[in-house]
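What follows is one structure encoded as structure tokens, with my remarks underneath.
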Amino acid sequence: MSLSKKIIQVRAVCGQGAYYCEDVATLQKKSVVESERWRTPAETDGFTFIREVAEVVSIGIQTEEGLWGWGDCVGVSYAGKTGRESIFRSKDGLKEVGSILAPFLRNKKLTTFREAMNEVNLLGVHRAIKYGISQALLQSVALLHREEMWKTIQREWGITDSVNRVPIQGSSGNNRKVNADKMIVNRLSGLPHGQIDDIASQLGETGQFLLEYADWLRGRIETLGGKDYSPVIHLDVHGAIGKIFNGSVDKIAAYLAKLEKNVAPFQLRIESVLLGESKQQTIEELIRLKNELKRQGLTTELVADEWANTREDIDEFARLGAAHMIHIKMPDLGGLDQSVDAVLGLKKYKVLSLLGGSCVETDLSSRASVHVALATQPTTCLAKPGMGIDEALQIMTNEMNRALLLT
């Protein structure tokens with residue numbers, strides 16, 4: 001007989017994200033120093049200024065047992081582009097919770113997480129809302145069964161794989177050297193992720209600045225990491241390499257050959273090396289580039305992020321062989337159930353998975369992400385929230401340690 005409890009109360013309050021939302025599309029058109037981004041007008045719909053405080057809605061559900069399950073509704077930093085939903089506003093989120101979600105959930109019997117999310121997924125609310133309520137529902141079901149959240153996922157999906165530690169990789173933001181040092185001394189599996197939001201200073205007209213940084217990074221790993229440390233060099237360029245070479249696959253491949261040489265002997269991964277005007281164009285161009293890299297005998301792995309926004313998008317990228325790895329940006333997918341399905345789907349296609357998200361997330365959403373990672377065993381997961389490294393690493397590492405202790 002299945003356990004079930006009625007949801008008697010749904011509450012929501014505005015919260016704070018761990019970093020800032022940025023209009024990266026505008027930033028890649030023109031250089032704007034960080035101190036001026038707060039009041040420089042944005043061009044992407046939904047943004048007022050190029051950089052804005054990330055907004056959150058914390059949502060809680062109380063069952064008749066008296067227990068509360070909590071989750072944080074939050075979007076992504078680079079919202080409103082490449083098929084993503086617009087920037088998440090807490091005022092709008094509270095309205096959606098009050099007018100749509102709360103009436104739908106109140107007095108509903110909570111039996112399984114998957115069943116609850118199958119119904120929530122049909123509601124016309126922002127994916128950030130689905131992301132937050134999925135965390136609250138997962139926690140509530142886990143409490144109902146007196147089990148860890150990862151166990152709830154494995155039980156409901158019929159996952160029988162053993163639960164092991166999932167490697168964590170970091171994201172440096174613009175503090176590329178100091179944060180790279182932090183990642184190296186903490187021996188993260190991949191680094192520094194980074195970002196390219198100022199092509200002129202971070203990449204250069206011919207990519208010379210990224211080549212210099214890659215050479216520095218290799219040397220720094222050798223200096224601080226020791227001979228037994230071999231992380232993946234993962235660079236997220238948000239389509240900037242494709243921009244400077246006008247989308248030429250031959251020129252991009254030639255550049256990646258130089259970049260690969262500069263980080264050797266470490267494995268190189270490039271995220272969003274190019275971006276098309278549509279999902280289909282992006283997939284086609286990535287396939288061409290992937291084939292060219294193989295033809296040249298290069299080992300650089302291509303990572304898809306933008307345009308791979310939903311579980312269905314991710315499935316299409318993987319099925320067509322457009323990338324070696326896909327970044328599962330969890331808030332973009334909506335509910336945690338979608339991320340579970342995405343990781344399992346990538347395994348079916350033998351495509352690597354980065355279970356990630358955004359720097360604007362919260363401690364609560366990050367801890368829930370750890371349980372999705374433990375249950376599904378992706379290739380790696382992203383340290384979040386924020387851009388400080390230390391804070392994100394302790395949140396996720398400590399949650400993973402506690403959960404593994406109880407396996």
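The values are calculated or read from the model by the stated rules, or taken from the named source; none is laboratory data. The structure displayed is predicted, hence computed values, not measured ones. All Cβ positions, glycine included, derive from the backbone under ideal geometry; neighbour counts span all protein chains shown.
Listed values, structure above:
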quantity: From G297, G247, residue being over 26 Å from P167 (Cβ atoms), free of Cβ contacts under 8 Å to residues at least 12 places away in the same chain and not charged (D, E, K, R); calculated: G297
quantity: Complete set of residues in the stretch 166-187 that are within 12 Å of D390 (Cβ to Cβ), of a type in the set (A, V, I, L, M) and more than 20 Å from the chain's Cα centre (by Cα); calculated: V178, V185
quantity: Residues of the stretch 18-38 that turn out to be charged (D, E, K, R) and in contact (Cβ under 8 Å) with a residue 40 or more places away in the chain, as a count; calculated: 3
quantity: Any chance G297 is more than 28 Å from K182 (Cα to Cα) and either of a type in the set (D, E) or within 14 Å of the chain's Cα centre (by Cα) (or both); calculated: no
quantity: Subset of the stretch 71-89 [of a type in the set (V, I, T), over 24 Å from L137 (Cβ atoms) and in contact with a strand residue (DSSP E or B) (Cβ under 8 Å, 6 or more places away or on another chain)]; calculated: I87
quantity: Per-region count, the stretch 375-407, residues part of a helix (DSSP H, G or I), under 16 Å from the mean Cα position of the chain (by Cα) and not hydroxyl-bearing (S, T, Y); calculated: 4
quantity: Top-ranked residue in the stretch 304-336 [being within 22 Å of F88 (Cα to Cα) and acidic (D, E); ranked as surrounded by the fewest Cβ atoms within 10 Å (Cβ to Cβ)]; calculated: E312
quantity: Test: residue in the stretch 310-325 that is touching a residue at least 60 places away in the same chain (Cβ under 8 Å), closer than 25 Å to R218 by Cβ and within 17 Å of the chain's Cα centre (by Cα); calculated: no
quantity: Residue check, I153 modelled with pLDDT of 95 or more, in a helix (DSSP H, G or I), under 30 Å from L188 (Cα atoms) and assigned by TED's automatic domain parsing to the domain that holds R37; calculated: yes
quantity: Segments classed as strands (runs of 3 or more DSSP E), wholly inside the stretch 1-73, with at least 3 members that are among the aliphatic types (A, V, I, L, M) and over 25 Å from G334 (Cα atoms); calculated: none
quantity: Residues that are farther than 17 Å from D72 by Cβ, assigned to a helix (DSSP H, G or I) and in contact with a strand residue (DSSP E or B) (Cβ under 6 Å, 6 or more places away or on another chain), drawn from the stretch 342-372; calculated: A342, V343, L346
quantity: Search result, residues across the stretch 307-333 that are in a loop (DSSP other than H, G, I, E, B) and in contact with a Gly (Cβ under 7 Å, 6 or more places away or on another chain); calculated: W307, N309
quantity: Of the criteria (1) within 21 Å of S272 (Cα to Cα); (2) over 21 Å from the mean Cα position of the chain (by Cα), which one H193 fails; calculated: (2)
quantity: Which listed residue is in contact with a Phe, Trp or Tyr (Cβ under 6 Å, 6 or more places away or on another chain) and of a type in the set (A, V, I, L, M), from V24, V97, V57, V74; calculated: V24
quantity: Among the residues listed as N121, N107, N175, the single one being in the same structural domain as P378 (by TED's automatic domain parsing) and either out of contact with any strand residue (DSSP E or B) (no Cβ under 6 Å at 6 or more places or on another chain) or in contact (Cβ under 8 Å) with a residue 24 or more places away in the chain (or both); calculated: N175
quantity: Qualifying residue in the stretch 273-287 (condition: outside any loop (DSSP other than H, G, I, E, B), out of contact with any Gly (no Cβ under 8 Å at 6 or more places or on another chain) and surrounded by fewer than 16 Cβ atoms within 10 Å (Cβ to Cβ)); calculated: yes
quantity: Hits in the stretch 248-261 - residues which are crowded, with 20+ Cβ neighbours inside 10 Å and either farther than 15 Å from K294 by Cα or touching a Pro at 6+ places or on another chain (Cβ under 6 Å) (or both); calculated: L259
quantity: Long-range neighbours under 8 Å by Cβ, at least six apart or interchain, first residue under 13 Å from D305 (Cα atoms) within the stretch 267-278, second of a type in the set (G, A, S) and assigned to a strand (DSSP E or B); calculated: R269/G190; E271/A304; S272/A304
quantity: Considering residues of the stretch 40-51 that are of a type outside the set (G, A, S) and closer than 12 Å to Y78 by Cβ only, the residue surrounded by the most Cβ atoms within 10 Å (Cβ to Cβ); calculated: I50
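This table checks each residue for (1) among the hydroxyl-bearing types (S, T, Y); (2) closer than 22 Å to V232 by Cβ.
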{"residue": "S248", "(1), (2)": "yes, no"}
{"residue": "A257", "(1), (2)": "no, yes"}
{"residue": "V273", "(1), (2)": "no, yes"}
{"residue": "S278", "(1), (2)": "yes, no"}
{"residue": "E285", "(1), (2)": "no, no"}
{"residue": "E301", "(1), (2)": "no, yes"}
{"residue": "S339", "(1), (2)": "yes, yes"}
{"residue": "A342", "(1), (2)": "no, yes"}
